[in-house]
Amino acid sequence: MAEILSETQALCPQCLRVLPATRQRRGQEVWLVRTCPEHGPCEAVIWRGAPDFESWRREKRPSAPPAPATATGWGCPFDCGLCPEHGQHTCTAVVEVTARCDLGCPVCYADSGSRHGGDPVLPNLLRRLEALRRDAGPCNLQLSGGEPTLRDDLPKLIAAARSLGFGLVQVNTNGLRLGREQGYAETLAEAGLQSVFLQFDGSDAACLALRGQALLGEKLAAIEACGRAGLGVVLVPTLLRGVNEGELGDILRLAVSRMPVVRAVHFQPASTFGRYPGRLREADRLTLPEVLCLLVTQSGGLLDAQDFQPPCCEHERCSFSGRFASESGRLRAVREGGCCEPGPLISPIIAAEGARRAKRTVSGQWAAAPPPPSEPRDDFERFLAAHGADKRLSLSCMAFQDARTLDLERVRGCCIHTQAPDGRLIPFCLYNLTMEDGTPLYRGRTA
């Protein structure tokens with residue numbers, strides 16, 4: 001028997017009509033259930049196992065973005081810009097600087113390489129960065145694609161972004177050029193790059209299934225190049241059941257062995273949007289608590305489920321995270337403050353404060369380790385000095401939503417926003433959302 005836990009709104013995956021929906025408990029699983037008057041019932045699993053769905057809470061008080069760019073008209077999710085009804089500020093802004101890619105990954109949320117047209121020209125991108133900094137404030141910036149290193153003017157973009165005062169400037173990359181081209185990582189570092197968000201799926205077998213090529217050696221070469229250049233690296237594994245869900249422990253141990261160059265591991269279970277070989281069966285969907293359980297079980301005693309917590313910025317059921325200090329090959333959870341960074345735990349946390357803490361924590365953790373401050377000025381700097389910035393590792397997971405799992409309550413709490421070509425900021429999952437026939441909601445429709 002199903003138990004209705006709560007009500008929300010969801011979408012029909014075939015026509016994207018907004019529908020009343022319920023979250024239903026069925027044994028150890030929670031399902032998102034709704035019925036479209038035209039296309040019939042739809043249900044998708046959103047939670048499996050422990051920690052309990054109802055216990056994974058972080059009380060927040062939403063607040064509108066400081067500079068809404070669109071009015072409320074059609075209603076969520078059709079008014080993004082952001083509209084005044086959005087409940088969270090921009091923590092990380094994603095700017096896609098090219099649609100080109102030198103891989104043809106079977107799994108790609110951006111469907112990179114399949115779209116035609118040239119790259120955005122540099123002057124337009126510079127104007128977009130200026131508008132983003134004005135509207136979103138000193139958020140963290142991720143230059144993405146496609147494969148951004150295919151742009152030979154990427155150093156100019158990085159330098160411009162640093163001059164504008166973004167909290168962190170990061171490149172989302174497959175790492176091939178970093179590992180292959182001598183001195184390229186140094187060129188990006190000299191331009192002001194602080195962090196590399198490195199596609200890293202584990203073994204050669206996993207890379208072959210997810211990327212079409214055996215790439216582990218090239219990924220390791222990219223990490224080494226970033227280390228020589230003084231760049232912080234975040235390993236980003238896409239997780240797919242039957243491919244690499246048994247490799248989380250190996251990825252964790254590799255990350256620990258490559259500290260302090262590797263600053264974090266950020267797991268991302270596959271969702272059905274962009275380019276994906278067929279529809280993801282619900283039996284194959286990896287949910288947030290499953291990833292947490294797999295990570296702890298495969299850690300060989302390095303981790304405990306109690307080491308992780310809900311986010312203070314995005315919606316509580318979008319992610320988990322934990323910070324750790326490395327001591328003699330062991331990991332010790334760092335729990336000071338209990339919400340992203342050291343300091344008093346505020347409950348309920350106000351959206352703007354949650355975004356501030358998340359931005360500060362990510363920019364401090366994901367960039368290359370700074371020297372310990374000689375005169376600590378606040379709680380965060382005292383934390384860095386006490387625990388050693390070069391001995392910290394963050395572990396996190398984000399469960400992106402596709403048309404079957406998208407919950408409008410979660411969307412309104414999103415803090416990761418993609419800048420559309422026309423300058424509007426759109427929650428990441430909505431920007432990449434596609435109907436079951438592949439028709440996008442936003443991507444390619446806002447140029």
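Are there any pairs with C-beta distances below 6 angstrom linking a residue in segment 400-429 that is under 26 Å from Ala131 (Cα atoms) to a residue that is in a helix (DSSP H, G or I) and of a type in the set (A, V, I, L, M), with the two at least 6 apart or on different chains, and if so which?
Filtered contacts from segment 400-429: Cys415/Ala355; Gln419/Leu132; Gly423/Ala131; Pro427/Val411.
Can you find even one residue in segment 162-171 that is out of contact with any strand residue (DSSP E or B) (no Cβ under 6 Å at 6 or more places or on another chain) and either among the aliphatic types (A, V, I, L, M) or assigned to a helix (DSSP H, G or I) (or both)?
Going residue by residue through segment 162-171, those that are out of contact with any strand residue (DSSP E or B) (no Cβ under 6 Å at 6 or more places or on another chain) are 163-165.
Adding the requirement that they be either among the aliphatic types (A, V, I, L, M) or assigned to a helix (DSSP H, G or I) (or both) leaves 163-164.
Yes: segment 162-171 contains one or more residues that are out of contact with any strand residue (DSSP E or B) (no Cβ under 6 Å at 6 or more places or on another chain) and either among the aliphatic types (A, V, I, L, M) or assigned to a helix (DSSP H, G or I) (or both).
Which members of segment 250-269 meet the condition of being in a helix (DSSP H, G or I), in contact (Cβ under 8 Å) with a residue 24 or more places away in the chain and either surrounded by 17 or more Cβ atoms within 10 Å (Cβ to Cβ) or in contact with a helix residue (DSSP H, G or I) (Cβ under 7 Å, 6 or more places away or on another chain) (or both)?
Of everything in segment 250-269, those that are in a helix (DSSP H, G or I), in contact (Cβ under 8 Å) with a residue 24 or more places away in the chain and either surrounded by 17 or more Cβ atoms within 10 Å (Cβ to Cβ) or in contact with a helix residue (DSSP H, G or I) (Cβ under 7 Å, 6 or more places away or on another chain) (or both) turn out to be Ile251, Leu252, Ala255, Val256.
Among the residues of segment 136-164, what is the count of those that are touching a Ser or Thr at 6+ places or on another chain (Cβ under 8 Å) and among the acidic types (Asp, Glu)?
The total comes to 1.
Can you pull out every residue in segment 130-145 that is under 13 Å from Ala161 (Cβ atoms), out of contact with any Lys or Arg (no Cβ under 7 Å at 6 or more places or on another chain) and either in contact (Cβ under 8 Å) with a residue 40 or more places away in the chain or in a strand (DSSP E or B) (or both)?
Our first condition is that a residue be under 13 Å from Ala161 (Cβ atoms); within segment 130-145, this holds for 130-133, 136, 138-144.
Filter again for out of contact with any Lys or Arg (no Cβ under 7 Å at 6 or more places or on another chain), leaving 130-133, 136, 138, 141-144.
Those that are under 13 Å from Ala161 (Cβ atoms), out of contact with any Lys or Arg (no Cβ under 7 Å at 6 or more places or on another chain) and either in contact (Cβ under 8 Å) with a residue 40 or more places away in the chain or in a strand (DSSP E or B) (or both): Ala131, Leu132, Ala136, Pro138, Leu141, Gln142, Leu143, Ser144.
Okay, residues lined up against (1) of a type in the set (A, V, I, L, M); (2) over 24 Å from Thr439 (Cα atoms); (3) assigned to a strand (DSSP E or B):
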residue	(1), (2), (3)
Met1	yes, yes, no
Ser6	no, yes, yes
Pro13	no, no, no
Thr22	no, yes, yes
Leu32	yes, no, yes
Glu38	no, no, no
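Go over the candidates Gln24, Gln14 one by one and state the one that is free of Cβ contacts under 8 Å to residues at least 24 places away in the same chain and buried (at least 16 other Cβ atoms within 10 Å of the Cβ).
None of the others qualify; the one that does is Gln24.
Considering Pro62, Pro37, Pro20, Pro66, which residue is out of contact with any His (no Cβ under 7 Å at 6 or more places or on another chain) and either more than 19 Å from Gln401 (Cβ to Cβ) or of a type in the set (Asp, Glu) (or both)?
Pro37
Suppose we filter segment 49-63 for residues that are under 14 Å from Phe320 (Cβ atoms) and charged (D, E, K, R); how many remain?
Number satisfying all stated conditions: 3.
Has segment 36-48 got any residue that is surrounded by fewer than 16 Cβ atoms within 10 Å (Cβ to Cβ), under 30 Å from Val362 (Cα atoms) and among the aliphatic types (A, V, I, L, M)?
Taking every residue of segment 36-48 in turn, none turns out to be surrounded by fewer than 16 Cβ atoms within 10 Å (Cβ to Cβ), under 30 Å from Val362 (Cα atoms) and among the aliphatic types (A, V, I, L, M).
Examine segment 270-286 for a residue that is in a strand (DSSP E or B) and either in contact (Cβ under 8 Å) with a residue 60 or more places away in the chain or over 17 Å from Asp407 (Cα atoms) (or both), and state whether such a residue exists.
Checked against the condition, which is being in a strand (DSSP E or B) and either in contact (Cβ under 8 Å) with a residue 60 or more places away in the chain or over 17 Å from Asp407 (Cα atoms) (or both), segment 270-286 yields at least one hit.
In the list Ala214, Ala205, which residue meets the criterion of being in a loop (DSSP other than H, G, I, E, B), hydrophobic (A, V, I, L, M, F, W, C) and farther than 26 Å from Asn140 by Cβ?
Ala214
Please determine whether any residue of segment 221-230 is free of Cβ contacts under 8 Å to residues at least 60 places away in the same chain and under 16 Å from Ser394 (Cβ atoms).
No: zero hits.
Each reported figure results from applying straightforward, stated rules to the coordinates on display, with no laboratory input. What you see is a predicted model; the values in this text were computed from it and never measured. Backbone-built Cβ (ideal geometry, glycine too); neighbour counts: all protein chains shown.
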